[in-house]
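Asks: The structure follows.
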Ligand code: HEM
């Protein structure tokens, strides 16, 4: 991939794999949200109880006689917890874009000379066992119990999939609305299974964008009256 335009782009010195980690211009709207949705569906396929919980929530709040509407999202707390857990385990940007300090400073007891480029390693922070018990497990319930007050907007430094501070992602609300609505609509309208009933391979491809290493194959089975599929 070639470098994209934009301020503050980080340029890999090797021209053969130059990428921009400032995804705002080309990748922001699609790559981050599709990556998040892919990991969400993959995780739910491997965690049938969580999938069942999500579909029960949809049954309670929406039923089977209408489609999901944006105004329903506020009631779908379990699906919101799923999305938080996905952005904890699989933040689309595993490393936040680099920061360069203009003055000498001390961070965590370390002297950082002016002009140093610092990367925040979200992947590591989001899997810290001192903050997140059983950090490698997909457990949306943690965001309804022990971590229910942790939000995604950059105020809690243990969970920062959108970054933090003055350069935080400016489209958090829009991104969450898209992810919640799409996931809720998919799970409401279809039963999802793997074609072979095997567990999904969750291997990550470590890079600037955390895409699934293996393609995801999903079998969709309609679960609503056929008249509700007119818009699909
Ligand atoms: C799940 C979805 C998304 C995630 C996890 C995400 C995450 C991020 C992160 C980590 C940054 C860098 C923050 C920093 O520098 O510390 C960022 C910046 C940015 N994002 Fe997003 N993003 C998402 C969706 C979107 C969408 C849908 C858009 C646009 C429609 C968008 C537009 C931007 C832009 C323009 C910036 C650059 C802001 C700046 O440099 O001042 N993002 N995002």
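Bear in mind these aren't lab numbers, they're just calculated from the coordinates by the rules spelled out. Note that the structure is a prediction, hence the values are computed from the model and not measured. No Cβ is skipped: glycine too gets one built from the backbone with ideal geometry, and neighbour counts run over all protein chains shown.
Asks: Pairs of Cα atoms under 8 Å, at least six residues apart: use those to get the relative contact order of the chain, whole percent.
Replies: Over the chain, the number comes to 23 percent.
Asks: Here is a follow-up. Just order 69-75, 122-128 by mean Cβ neighbour count inside 10 Å, highest at the front, would you?
Replies: 122-128, 69-75
Asks: How far is helix 172-189 tilted off the main Cα axis of the chain, in degrees rounded to 10, range 0 to 90?
Replies: On a 0 to 90 degree scale, this one is about 30.
Asks: Taking the 0 to 90 degree range and rounding to the nearest ten, how far is the long axis of helix 77-89 tilted relative to the main principal axis of the chain, both from C-alpha atoms?
Replies: Result, in degrees: 40.
Asks: Here's something else I'd like to know. Report the calculated FRET efficiency for residue 49 and residue 192 (r = Cβ-Cβ distance, R0 = 22 Å), to the nearest 0.05.
Replies: 0.95
Asks: Once R0 is set to 35 Å, what does the formula 1/(1 + (r/R0)^6) return for the Cβ-Cβ distance between residue 228 and residue 164, expressed as a FRET efficiency to the nearest 0.05?
Replies: 0.30
Asks: Cα centroid distance between the stretch 94-149 and the stretch 156-232, in Å?
Replies: Their Cα centres are 23 Å away from one another.
Asks: Before rounding to the nearest 500, sum -39500 (n - 2.57) across all DSSP H runs of length at least 4 in the chain and divide by the residue total; then give [θ] at 222 nm in deg cm²/dmol.
Replies: -9000 deg cm²/dmol
Asks: Between residue 111 and residue 56, what FRET efficiency follows from the Cβ-Cβ distance if R0 is 45 Å, with the result rounded to 0.05?
Replies: With R0 = 45 Å, the Cβ-Cβ based efficiency is 0.25.
Asks: Give the shape of the stretch 179-232 as rounded, prolate or oblate, defined through the alpha-carbon gyration tensor: a ≥ b ≥ c are the square roots of its eigenvalues, a/c under 1.5 means rounded, and otherwise the shape is prolate if a/b is larger than b/c and oblate if not.
Replies: Since a/c reaches 1.5 but b/c is at least a/b, the shape of the stretch 179-232 is classed as oblate.
Asks: With the chain treated as a Gaussian network of Cα nodes joined by springs under 10 Å, which of 168, 107, 131 yields the largest mean-square fluctuation?
Replies: 107
Asks: Output the relative contact order of the stretch 95-232, whole-number percent, from Cα pairs under 8 angstrom with separation of 6+ residues.
Replies: 13
Asks: Further, regarding this structure: Which order do the peptides 114-120, 153-159, 140-146, 88-94 come out in when sorted by mean C-beta neighbours inside 10 angstrom, highest first?
Replies: Result, highest mean first: 88-94, 140-146, 153-159, 114-120.
Asks: Listing 169, 105 from the residue with the fewest other Cβ atoms within 10 Å to the one with the most, what is the order?
Replies: Fewest to most other Cβ atoms nearby, the residues stand as 105, 169.
Asks: Quick one: Cα centre-to-centre distance for the stretch 57-77 and the stretch 34-52, in angstrom?
Replies: That distance is 18 Å.
Asks: Now for a different question. Any chance you could run the full-extension gain for residue 34 through residue 121? It's 0.36 nm times the residue separation minus the Cα-Cα distance, nm to one decimal.
Replies: Computed gain between residue 34 and residue 121 is 29.2 nm.
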